[in-house]
1. Assuming 0.36 nm per residue, please report the length gained on full extension of the stretch Val41 to Ala295 beyond their Cα-Cα distance.
2. Out of the DSSP beta bridges found with both residues in the chain, what percent are antiparallel (nearest 5)?
3. What is the list of residues in region 93-127 whose amide nitrogen lies under 18 Å from a point 7 angstrom out from the Cα of Asp172, following Cα to Cβ?
4. Filter the trypsin sites (Lys or Arg not before Pro) in region 212-302 to those in DSSP coil with at most 16 other Cβ atoms within 10 Å of their Cβ, and list the result.
5. Evaluate the charge dipole of the chain about its Cα centre and quote only its size in Debye, nearest 20, assuming +1 on the Cβ of each Lys and Arg and -1 on the Cβ of each Asp and Glu.
6. Over 26 Å between C-alpha atoms is what I'm after, so list which of Lys203/Lys251; Lys203/Lys296; Lys114/Lys324; Lys114/Lys296 land there.
7. Report relative contact order for the chain in percent, whole number only (criteria: Cα-Cα under 8 Å, sequence separation at least 6).
8. Rounded to the nearest 500, what is the 222 nm mean residue ellipticity of the chain from helices alone, with -39500 (n - 2.57) per DSSP H run of 4+ residues and division by all residues?
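The values are calculated or read from the model by the stated rules, or taken from the named source; none is laboratory data. Please read these numbers as outputs of a predicted model, since none were measured by experiment. Quick reminder, even Gly has a Cβ in these numbers, built from the backbone with ideal geometry, and neighbours come from all protein chains shown. When the accessible area is computed, the model is the full protein with side chains, heavy atoms only, and any ligands, DNA or RNA have been set aside. Shrake-Rupley method; radii C 1.70, N 1.55, O 1.52, S 1.80 Å.
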Amino acid sequence: MTAYDYGFDTLAIHAGQDPDPRTGAVVPPIYQTSTYAQDAVGAPRLGYEYSRSGNPTRDALQECLAAIEGGRRGLAFASGLAAEDTLLRAVCRPGDHVVIPGDAYGGTYRLFAKVAENWGLSWTAVPLDDLDQVRAAFRPGVTKMIWAETPTNPLLNIADIAALGGLAHEYDALLVVDNTFASPYLQQPLALGADVVVHSTTKYLGGHSDVVGGALVAASDELGDTLAFHQNAMGAVNGPFDAWLTLRGVKTLGVRMERHCDNAERIVSYLREHRAVSDVLYPGLDSHPGHEVAAKQMQRFGGMVSFRANGGMEKAVEICNRTKLFVLAESLGGIESLIEHPGQMTHLSAAGSALEVPADLVRLSVGIETVDDLLADLEQALG
Ligand SMILES: *Cc1c(COP(=O)(O)O)cnc(C)c1O
């Protein structure tokens with residue numbers, strides 16, 4: 001299936017997933033093989049030689065990811081960070097500069113600050129919702145990309161993708177968008193002017209908290225070819241079973257996201273009225289500073305909700321320790337609801353830095369359980 005004029009859910013279920021030509025298997029098989037028999041020297045069947053370079057299960061996932069992001073080329077990796085590292089080293093050279101979000105995902109920040117910097121890449125962290133600061137950070141000819149995330153983790157700040165794309169292109173730089181939090185169902189960065197989308201497929205795309213993976217989707221064939229070369233040359237690919245699990249998750253992305261959003265909206269309304277909560281952070285709220293931009297570029301506002309507890313860190317930690325259905329765990333985007341205290345869990349490494357998060361902050365990854373059960377769990381935990 002190559003047509004791109006199908007609806008999102010049709011692409012998620014069918015793109016890259018034609019029935020297996022040999023057996024008719026409706027689901028792409030797990031090609032758990034490292035190498036492939038060749039009919040003669042230099043004549044591999046169907047072009048497959050070795051599974052780092054190519055594997056039919058991974059290809060199925062990659063084609064599907066390209067289709068649902070509206071891109072020219074999809075590439076799958078062993079993790080989100082493996083995808084990010086491959087992208088950085090495919091596009092940047094020592095001496096180059098990158099603009100990153102002031103509140104980047106912790107692992108992304110660490111990749112820039114502790115790994116890429118040693119390799120000669122410099123970076124400036126700025127709040128991406130302030131375009132004047134983004135422009136001021138630009139070093140024409142040296143800055144090779146703006147790296148954006150929207151919504152961000154865990155404060156759910158919003159960046160204007162179209163505006164950042166315009167700015168990046170003025171300086172012949174690329175706009176990279178980490179679309180992990182929104183998922184392509186809710187937000188299509190390439191259509192808004194981004195050059196490449198990054199995913200931790202570990203989150204909503206996989207959707208079941210059972211596989212770690214990453215992806216890049218390029219808007220152009222040229223960038224797609226460069227990234228594909230580096231995927232093979234650097235070798236951070238995912239295995240066939242992981243690719244298969246991720247593809248199985250992607251099929252239901254649309255229905256899952258609708259339910260994540262429904263449940264999150266109910267929980268946001270509940271939390272706003274609760275005396276134990278001082279503030280609710282959700283881009284769907286009129287009071288959220290990024291609401292207008294979010295409403296312009298997102299279909300709905302997602303399943304991630306953060307709130308600040310009345311009573312400071314002690315109360316926030318107590319709430320996290322008391323939930324029963326909301327599992328106390330890092331990560332996000334799975335069907336089961338999770339709760340965490342960013343200050344002492346996902347964002348502990350940011351303590352004392354510009355990325356430090358408020359101590360009374362609680363983050364929810366709202367799952368797709370029966371919402372009344374989730375509300376009852378929060379009710380007993382908030383006390
Ligand atoms: C989890 C995450 C990553 C990193 O992905 P891994 O699969 O854990 O390597 C990158 N960006 C965001 C926004 C994430 O949530």
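1. 85.8 nm
2. 60
3. 93-99
4. Arg275
5. Its charge dipole is roughly 560 debye.
6. Lys114/Lys324; Lys114/Lys296
7. Rounded, it is 16 percent for the chain.
8. Result for the chain, helices only: -10500 deg cm²/dmol.
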